[in-house]
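The values are calculated or read from the model by the stated rules, or taken from the named source; none is laboratory data. Since we're looking at a predicted model, the values are computed, not measured. Here the Cβ is made from the backbone with ideal geometry for all residues, glycine too, and neighbour counts use every protein chain on show.
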Amino acid sequence: MAYKDLTPESVIEYIKKFTKIFTPDAKLSVYEIGEGEDDGDGFVNHVYRVWDESGHSVIVKQAKPYLKVFGEAAKLTTSRNQLEAEIIKLRTAITPEHLPQMYYTDPENNLFIYEDCGRLKIMRFELAKGKSFPKFPKQMGAFLAKSNFYTSEIYLDQVAHKALEVKFMNPEMRVIMESILFLRDAFMEDADLPPMPDPDPRHVAMSDLFWDKKELRIELLKLRGVFMRKSECLVHGDLHTSNIMIDENEMKIIDMEYPFMGPSSSDTGYLAGNLIYEFIAWHYHEEGTKETRKAYRKEMLSYLKGMLKEYISVYSQCWEKDAKAIYKDYPEYRDYLLKNYLQESCGFAGCQIASRVGAYVALPDFDVLDDSGRNCARRLSLIIADALIMKRESIESADDIIHLIKTITKRYFKVMKLLQDKIN
């Protein structure tokens, strides 16, 4: 099949020729995702929405041997597409309610076709608008706990677990995360990429202060060691709020091209960073009133706490029901694993913030703010990231993480007020 490089024009021809998703006489339309303000995807891959006159639609996702946003200068393995199709099928067996339905796969052309979840909204953009999703903490906590438990050696035969580790080695994609989450200026450092826009000098100064702290860099290296060394379960690898489609009742997880066997804490920590962004951003939004913004910040922290508590609860239930005999009668070992999970999640949340705010890349959660608010949000987020990384080993519960975030935030605003009073 000569469809290595689909275009909006050839997508329709491809679907009609090789699939039976639509009737032969259907009049199809196509839209390339990534062109709209709230599309979310389209940064790495070529993604198309295709629909007929009745409104029935599907998503076509093709991986090309480069990063879409930068073009052919940014080389990237096409095998990411095949692994994503595989992990969708695998996780559908565990939590079918949270995965899009797979319709067709074509490894030769590095593409697959799956359910269009366009009835749902991208969570990141909805949070930026102040929307509420009260079922999210339990949905996400359960999804993570079940996905982690049932792909771990606590449940799987040792050979099956090792086979997963080999199948989802994914070194080309994994090395990206092993670099950008823990090392400064590591993203695609060897690629001949187009220059980034000149960053705000205040942002540069804040980043320099953060990265120049030697004791912090040491802790980042420790966390990198955990990230590289642990192969506990099959993780999403890039779980952030742009990869969550959601409404008041339903949640779907998308964009799983970074999967690998890694720490059970990595997805939780990565996502936690995104929830913390929104908690911070809503100190500086202009929408609503002081009271409504405060309530929404409280809601964001409740999502984080609820997700962590639900994870621990569901994971414990899975352990009691399905842990192998060598583990089931030793809940003390389970508690040890869950304590490590919380502490590592705390640290990885700080790493996620450092990788985005400590670099000079766009961050949609803060980019909606004005210049002053954006820089204030960056400053507070780096201070919180520092605390999450440096104090992670003192964490005993989800409440401890929330208390740490609230304490750092309160101190920050107290110091800023004293400085402002002194200037005035």
Q) Of all residues in the stretch 91-117 being in a loop (DSSP other than H, G, I, E, B) and either under 19 Å from Met251 (Cα atoms) or hydrophobic (A, V, I, L, M, F, W, C) (or both), which is nearest to the chain's Cα centre (by Cα)? A) Leu99
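Out of everything in the stretch 23-61 that is at pLDDT below 90 and of a type in the set (Val, Ile, Thr), what residue ends up being surrounded by the fewest Cβ atoms within 10 Å (Cβ to Cβ)?
The residue in question is Ile33.
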Q) Is it fair to say Lys64 is among the basic types (Lys, Arg), within 28 Å of Arg124 (Cα to Cα) and either modelled with pLDDT under 65 or crowded, with 17+ Cβ neighbours inside 10 Å (or both)? A) yes
Q: Report yes if some residue within the stretch 332-352 is farther than 28 Å from Lys214 by Cα and among the aromatic types (Phe, Trp, Tyr); otherwise report no.
A: yes
(Q) With the requirement that a residue be closer than 21 Å to Ala272 by Cα, touching a residue at least 24 places away in the same chain (Cβ under 8 Å) and not in a helix (DSSP H, G or I), what does the stretch 306-362 give you? (A) Gly358, Ala359, Tyr360, Val361
Q: Tell me which residues, restricted to the stretch 145-186, are of a type in the set (Asp, Glu), in a helix (DSSP H, G or I) and at pLDDT 90 or above.
A: Glu165, Glu178
Q) Out of Arg124, Arg119, Arg184, which single residue is in contact with a Pro (Cβ under 8 Å, 6 or more places away or on another chain), of a type in the set (D, E, K, R) and under 26 Å from Phe366 (Cα atoms)? A) Arg124
(Q) Filter the stretch 225-241 down to the residues that are surrounded by fewer than 21 Cβ atoms within 10 Å (Cβ to Cβ) and among the polar types (S, T, N, Q) and list them by number. (A) Ser231
Q. Which condition does Pro137 not pass, out of (1) modelled with pLDDT of 95 or more; (2) surrounded by fewer than 19 Cβ atoms within 10 Å (Cβ to Cβ), if it passes all the others?
A. (2)
Q | Candidates Gln101, Gln82, Gln158, filtered to the one that is farther than 30 Å from Leu301 by Cβ, without any contact (Cβ under 8 Å) to a residue 12 or more places away in the chain and among the polar types (S, T, N, Q) | A | Gln158
Q) Arg297 fails exactly one of the following numbered conditions: (1) touching a residue at least 24 places away in the same chain (Cβ under 8 Å); (2) surrounded by 18 or more Cβ atoms within 10 Å (Cβ to Cβ). What is the number of that condition? A) (1)
